[in-house]
1. May I ask you to verify whether Ala128 is within 11 Å of the ligand (Cβ to nearest atom), modelled with pLDDT of 95 or more and not hydroxyl-bearing (Ser, Thr, Tyr)?
2. Out of all the residues in the range 189-198, is one or more touching a residue at least 60 places away in the same chain (Cβ under 8 Å), farther than 30 Å from His50 by Cα and in contact with a Phe, Trp or Tyr (Cβ under 8 Å, 6 or more places away or on another chain)?
3. Yes or no: the range 141-151 includes at least one residue that is in contact (Cβ under 8 Å) with a residue 40 or more places away in the chain, within 21 Å of Leu71 (Cβ to Cβ) and near the ligand (Cβ under 8 Å from one of its atoms).
4. Only one of Thr112, Thr104 is of a type in the set (Val, Ile, Thr), in contact with a Gly (Cβ under 6 Å, 6 or more places away or on another chain) and either touching a residue at least 40 places away in the same chain (Cβ under 8 Å) or crowded, with 18+ Cβ neighbours inside 10 Å (or both); which?
5. From Leu79, Leu37, Leu71, Leu31, grab the single residue that is touching a Pro at 6+ places or on another chain (Cβ under 9 Å) and of a type outside the set (Val, Ile, Thr).
6. What are the pairs, 6+ residues apart or on separate chains, where a residue within the range 281-293 that is closer than 13 Å to Ala215 by Cα has its Cβ under 6 Å from a residue that is β-branched (Val, Ile, Thr)?
7. Might you check whether a residue that is over 22 Å from Leu79 (Cβ atoms) and among the charged types (D, E, K, R) occurs anywhere in the range 36-43?
8. Go through the residues of the range 84-97 one by one and say whether even a single one is surrounded by 14 or more Cβ atoms within 10 Å (Cβ to Cβ) and within 11 Å of the ligand (Cβ to nearest atom).
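The values are calculated or read from the model by the stated rules, or taken from the named source; none is laboratory data. Bear in mind that the values here come from a model prediction, so they are computed numbers and not experimental data. Cβ coordinates were reconstructed from backbone atoms using ideal geometry, including for glycine residues, and neighbour counts include every protein chain displayed.
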Amino acid sequence: MPTPRFTFHQPQNLEQALDLVGMYRTNGKILAGGTDLVPKLRAGLMDVHHVVSLNRVPGLNRITFHEDDGLVIGAGARLADVALNPEVMKHYPGLAHACSVMATTQIRNMGTVAGNIVNSAPSADTAAPLLAYKAAVILVERGGRRHVPLTEFFSGPGLNVMEPMEIMEAIRVPSPPRRSGSAYLRLSARSKVDIAAVGVAGFLALDMDGVIIEARLALAAVAPTPLRCPEAEAMLAGQKPDPQLLTRAAAACVRACRPIDDVRATAAYRRKMVQVLAGRVIEQCYQTAERGDA
Ligand SMILES: Cc1cc2nc3c(=O)[nH]c(=O)nc-3n(C[C@H](O)[C@H](O)[C@H](O)COP(=O)(O)OP(=O)(O)OC[C@H]3O[C@@H](n4cnc5c(N)ncnc54)[C@H](O)[C@@H]3O)c2cc1C
């Protein structure tokens, strides 16, 4: 199907972008990398007359890290740049891994983390690690800015709490404590090329005796939205992991999911894989945290 006709706008700064988004809020769309948007336009899934590109807005592609403030990923930062950023690789290995194993080289060179989050697919690969890192998104509109924790962002498959006149400006991720570890594992039928059938992310912080003081686990592709696993997290807090605890915590992750049968996997397979991947993720997080090299 040919791409439908639309007017392409290239604002030179955020104010211009906000004006355009306000003007065309009923029949316009924002474009970052276009890797989700353009296929949808070509498939005739959207009635869009104006496309507002963020690609000429200066500074949006910045990735910055400070020990005190943590990580800020600008809405224009490409998946490939996040995957290879030395600070992301060092302090947020689960996110770096997600950005390096998802999709294809071409898609990772074009696609952005912000686009992945706004698209709000249940299988969004960056969503689970960002949930585990307790990330928040910064949404901006003409009247001001708001910070929304990612736990409150997704509202259904392809749905989120953004207003039509808002632009996601950045994603903010807190700095991890010294003795912490994190990981992301995903399964798909055809390796990177295919969307994940299951994704599991984790984050553990330890005290000096190796006791878990904080645990966060998040799942993708096994429920209408990416989600955290509070029951499993509570089970891990205050404990030192042993094989029985890992099995029980992974089983609690399985209870958190609401998978469906689809072309990528059956619900039963997804549940089994959550059990396996969650156990591995917790183990991996613990080992990294014990080394204290987060
Ligand atoms: C072949 C292929 C393989 C893929 N594989 C994967 C995969 O393995 N895992 C995965 O998770 N995804 C995958 N995707 C989906 C897609 O590539 C990612 O979701 C990507 O991160 C989207 O980013 P983008 O910048 O291209 O978003 P765009 O397509 O530009 O935008 C996506 C949506 O977000 C909106 N948007 C974008 N940026 C903003 C902003 N700053 N503020 C407000 N709204 C905004 C757009 O209007 C649009 O609705 C794949 C896509 C293709 C085509």
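1. Criteria met by Ala128.
2. yes
3. No, there is no match, as no residue in the range 141-151 is in contact (Cβ under 8 Å) with a residue 40 or more places away in the chain, within 21 Å of Leu71 (Cβ to Cβ) and near the ligand (Cβ under 8 Å from one of its atoms).
4. Just one listed residue meets the conditions, Thr112.
5. Being touching a Pro at 6+ places or on another chain (Cβ under 9 Å) and of a type outside the set (Val, Ile, Thr) holds for just one of Leu79, Leu37, Leu71, Leu31, which is Leu71.
6. Listed by first residue and then by second, the contacts come to Val281/Val200.
7. no
8. No, that holds for no residue.
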